Protein chains: 2
Amino acid sequence: MNMESPPMKLVSQSAGQSRYGALAAALKARIVAGEWPPGSALPAEQTLATEHGVALGTMRQALALLVDEGLVKRIHGRGTFVCSGLTGAPMLRFFRFGDGAGEVPVSRIVSRQVLAAPAAVARALGVGPGDATLRLRRLRSLDDVPRLVEEIWLPLPLCSALQDGDTSAWGDLLYPHLAAACGVHVHRAVDEIGFGQLNAADAKALKLPTGHPSAVVRRQAFDLTGRCVECRTTRGDANAFQYTVFIT
Amino acid sequence: MNMESPPMKLVSQSAGQSRYGALAAALKARIVAGEWPPGSALPAEQTLATEHGVALGTMRQALALLVDEGLVKRIHGRGTFVCSGLTGAPMLRFFRFGDGAGEVPVSRIVSRQVLAAPAAVARALGVGPGDATLRLRRLRSLDDVPRLVEEIWLPLPLCSALQDGDTSAWGDLLYPHLAAACGVHVHRAVDEIGFGQLNAADAKALKLPTGHPSAVVRRQAFDLTGRCVECRTTRGDANAFQYTVFIT
């Protein structure tokens with residue numbers, strides 16, 4: 001063996017797993033371990049095939065599996081890239097406020113505290129109850145009208161870079177800032193829609209009467225490794241709620 | 001040419017359309033025309049390829065396109081079938097009533113009238129304002145507790161088979177009955193979720209106070225040809241509303 005050539009990455013295939021399935025799992029492990037960070041390009045298919053000692057066709061099948069999983073994407077003529085996290089899924093898609101369709105609402109952090117995680121937050125984040133977490137309250141406005149009030153919980157020390165400094169420099173979107181400041185990339189999220197009434201504080205923030213009907217969206221956001229990196233509750237006027245589901 | 005052999009189905013290919021794209025369109029036209037009704041099997045791939053004068057591989061590509069469109073499905077070892085319409089998408093998926101998860105609610109038609117279509121209904125159904133439509137009010141219960149109240153509008157004469165006869169014989173699901181009685185197959189639907197307050201009649205039906213917050217789901221259902229065959233408004237207790245959206 002030529003001492004200069006890199007060692008071949010062995011793929012262990014479990015019972016019932018196809019050769020390319022096992023290969024996909026091995027590639028996923030390398031991505032999750034951070035070998036190729038979100039947004040970066042994977043090596044050429046032939047290079048990867050050689051590294052893993054498989055035929056080019058098998059490598060392509062494995063990569064196709066990772067595309068289906070939403071872990072990587074192919075850009076024609078440029079190569080294969082690790083998905084760089086959620087760009088879409090804004091909370092505003094659940095509402096129709098008349099004006100400002102498609103606009104990014106202006107965000108203002110109105111409070112920031114390090115708090116012991118309440119039981120429900122700890123469960124959502126997968127941390128111990130009472131573990132230190134960062135709680136943000138954020139107000140989102142369109143045309144200077146406050147529309148959404150959010151309570152955002154982030155695990156510490158993972159997101160400790162957000163504990164200090166001027167929040168007005170964060171910009172209007174949390175995820176790009178979370179990626180830049182903490183290296184945390186949101187890969188997928190789950191939004192649970194419910195209904196409730198505004199408490200006094202939220203009503204005041206939204207300039208609505210206490211007890212006004214509100215839509216309540218509870219989000220858990222996850223990184224590539226499947227770890228919950230954020231839980232959030234968003235509230236807005238129920239009368240402005242409108243969401244379309246397509247069934248085929 | 002042997003006079004006994006069936007004429008070859010010519011496929012006209014428009015500019016920019018692939019050969020199998022044009023073929024898929026031709027097959028779709030045959031399905032929409034009712035040559036193979038929903039639920040029925042398509043002829044063997046080789047038979048279809050011969051009929052259309054194309055290679056087997058081209059026919060397979062065309063069929064794959066129709067699978068992607070949700071028009072046909074392949075059942076391994078059995079063949080290709082025209083999709084027989086929506087089976088899922090129950091309104092109950094938008095609610096958590098505690099008990100009866102996954103159950104089909106018991107349906108009761110509480111009124112049935114032939115009415116001139118109001119403007120909004122006419123627009124949704126794609127008929128003229130004032131055209132004759134069948135309006136049903138339906139109450140859906142779980143464990144004898146009324147949970148959902150529905151207003152269902154159906155176009156006439158398409159659904160005239162539902163105008164007469166005993167509604168208690170319809171069963172709890174509308175779409176299978178619509179298919180059996182009228183030959184109308186619901187292929188896809190669009191549900192628009194909003195919130196509102198119950199009027200006196202709906203509140204009484206649901207045994208809730210007038211003005212109680214309600215989730216409002218407005219549905220348009222379409223057949224294979226893209227024609228709207230039903231519009232419906234479903235209302236239920238907003239406090240029981242719960243719907244999860246996955247974002248990747």
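Descriptive notes on the structure:
- Residue match in segment B:179-191 (condition: assigned by TED's automatic domain parsing to the domain that holds B:ALA117, within 21 Å of B:PHE97 (Cα to Cα) and not acidic (Asp, Glu)): no
- The set of residues in segment B:198-212 that are within 13 Å of chain A (Cβ to nearest Cβ) and open to solvent by 30 Å² or more (accessible area, probe 1.4 Å) comprises B:GLY211, B:HIS212.
- Condition check for A:ARG108: open to solvent by 60 Å² or more (accessible area, probe 1.4 Å), assigned to a strand (DSSP E or B) and not aromatic (Phe, Trp, Tyr): yes
- The one condition in (1) under 22 Å from A:ASN239 (Cα atoms); (2) in contact with a Lys or Arg (Cβ under 7 Å, 6 or more places away or on another chain); (3) in a helix (DSSP H, G or I); (4) of a type outside the set (Gly, Ala, Ser) that A:PHE97 fails to fulfil: (3)
- Residue pairs whose Cβ atoms lie under 6 Å apart, separated by 6 or more positions or on different chains, with the first residue in segment B:232-243 and under 10 Å from B:LEU206 (Cβ atoms) and more than 7 Å from chain A (Cβ to nearest Cβ) and the second open to solvent by less than 20 Å² (accessible area, probe 1.4 Å) and among the small types (Gly, Ala, Ser), are B:ARG235/B:SER214; B:GLY236/B:ALA215.
- Odd one out for A:HIS185, checked against (1) without any contact (Cβ under 8 Å) to a residue 60 or more places away in the chain; (2) within 15 Å of the chain's Cα centre (by Cα); (3) buried (at least 17 other Cβ atoms within 10 Å of the Cβ); (4) part of a loop (DSSP other than H, G, I, E, B): (1)
- Boolean, A:THR225 is out of contact with any Leu (no Cβ under 6 Å at 6 or more places or on another chain), more than 9 Å from chain B (Cβ to nearest Cβ) and of a type in the set (Ser, Thr, Tyr): yes
- Residue, surrounded by the most Cβ atoms within 10 Å (Cβ to Cβ), within segment B:51-71, restricted to residues that are of a type in the set (A, V, I, L, M, F, W, C), within 14 Å of chain A (Cβ to nearest Cβ) and assigned to a helix (DSSP H, G or I): B:LEU66
- Applying the criterion of being crowded, with 19+ Cβ neighbours inside 10 Å and at pLDDT below 85 to the residues of segment A:72-85, the residue that is farthest from A:GLY236 (Cα to Cα) is A:CYS83.
- When the criteria are applied in full, A:VAL190 fails the requirement of being in contact (Cβ under 8 Å) with a residue 40 or more places away in the chain, in contact with a strand residue (DSSP E or B) (Cβ under 9 Å, 6 or more places away or on another chain), among the aliphatic types (A, V, I, L, M) and open to solvent by less than 50 Å² (accessible area, probe 1.4 Å).
A quick yes/no check of all residues on (1) more than 17 Å from the chain's Cα centre (by Cα); (2) farther than 19 Å from B:ILE109 by Cα; (3) open to solvent by less than 50 Å² (accessible area, probe 1.4 Å):
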residue: B:ALA122; (1), (2), (3): yes, yes, yes
residue: B:LEU136; (1), (2), (3): no, no, yes
residue: B:ARG140; (1), (2), (3): yes, no, yes
residue: B:VAL149; (1), (2), (3): yes, no, yes
residue: B:ALA181; (1), (2), (3): no, no, yes
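- Matching residues in segment A:223-245 - criterion: being open to solvent by 30 Å² or more (accessible area, probe 1.4 Å) and in a strand (DSSP E or B): A:ARG235, A:ASP237, A:TYR243, A:THR244
- Which numbered condition B:PHE195 fails, given (1) within 12 Å of chain A (Cβ to nearest Cβ); (2) touching a helix residue (DSSP H, G or I) at 6+ places or on another chain (Cβ under 7 Å); (3) open to solvent by 30 Å² or more (accessible area, probe 1.4 Å): (3)
- Verdict on A:GLN220 being touching a residue at least 60 places away in the same chain (Cβ under 8 Å) and either within 11 Å of chain B (Cβ to nearest Cβ) or open to solvent by 10 Å² or more (accessible area, probe 1.4 Å) (or both): yes
- Lone unmet requirement of (1) exposed (fewer than 12 other Cβ atoms within 10 Å of the Cβ); (2) in contact (Cβ under 8 Å) with a residue 60 or more places away in the chain for A:MET91: (1)
- Index of the failed condition, A:ASP164 passing every other in (1) more than 14 Å from every other protein chain (Cβ to nearest Cβ); (2) open to solvent by 40 Å² or more (accessible area, probe 1.4 Å); (3) under 17 Å from A:ARG232 (Cα atoms); (4) not hydroxyl-bearing (Ser, Thr, Tyr): (3)
The values are calculated or read from the model by the stated rules, or taken from the named source; none is laboratory data. These numbers come from a predicted model, not from an experiment. Neighbour counts run over all protein chains shown; Cβ positions are idealised from the backbone, glycine included. To get the accessible areas, we keep the full protein, side chains included, count just its heavy atoms, and leave off ligands, DNA and RNA. Shrake-Rupley method; radii C 1.70, N 1.55, O 1.52, S 1.80 Å.
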